[in-house]
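J.: Mind looking over this structure? Questions follow.
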Amino acid sequence: MNFLSSHKLQHPYRFLGKDFFMRETPVFSDKDMDRAVSRIAHEIVERNHGVEGLMLAGIWTRGAPLAHRLAGRILSIEGKEVPVGVLDIGLYRDDIGRSSRPMVHSTEMPEVVDGQKLVLVDDVLFTGRTIRAALDALIDFGRPRQVQLAVLVDRGHRELPIRADYVGKNMPTSTKEEVQVRLLEVDGIDEVVLLREGA
């Protein structure tokens, strides 16, 4: 028996994480998520009168695969590819210094951002602080003509005046609850669940 296995036996719950002690309620199935992505893609095309001058930027982690999925749907609708970027906001968060050192991932943005209609993509909209950080990060890459926001879930409890333009599902929650979006590319499954404390 190696050290890690032995340590797990002595301190089993340390390796389970807080989610182990929370009750899980399914909200979105894989088919629900597929339909939501398709609807958002159609809404983006309709609102922007096509895809001319349009680009997507997914916020790391789960916003990135969602942005690529949306680009794929838009391609099937319009027959044209939309540039997709991946934006890491780790160094732009307003809680740096209050918590552990942020993990920094690579940011990959299309060469031309100036003058483009850019759709930020994220999985969950909560306080709005992640989006504020993303807007700060965008300034380093240029000045888009317009920035829109697409999220899979809006759970409320905003702390900043930020609103999504495209929403897969509005989900009223309490601050004691947690919304988890799980994606095939990251988690091996497509689903959205609501976590509450309790057995």
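J.: I need Glu108, Glu81 ordered by Cβ neighbour count within 10 Å, fewest first.
T.: Glu81, Glu108
J.: Tally Lys and Arg at +1 and Asp and Glu at -1 over the other residues with C-beta under 14 Å from the C-beta of Gly188: what net charge comes out?
T.: Charge balance in the 14 Å sphere: -3.
J.: For each of Asp187, Asp114, count neighbouring Cβ atoms within 10 Å of the residue's Cβ, then give the residues from fewest to most.
T.: Going from sparsest to densest Cβ surroundings: Asp114, Asp187.
J.: So, one more: At 7 Å along Cα-to-Cβ for each site, give me the label-to-label distance between Asp165 and Arg196 in nm.
T.: 3.6
Throughout, read-outs are computed from the coordinates displayed, never taken from laboratory work. All values derive from a computational prediction rather than experimental measurement. Glycine also receives a Cβ, built like all others from the backbone with ideal geometry; neighbour counts cover every protein chain displayed.
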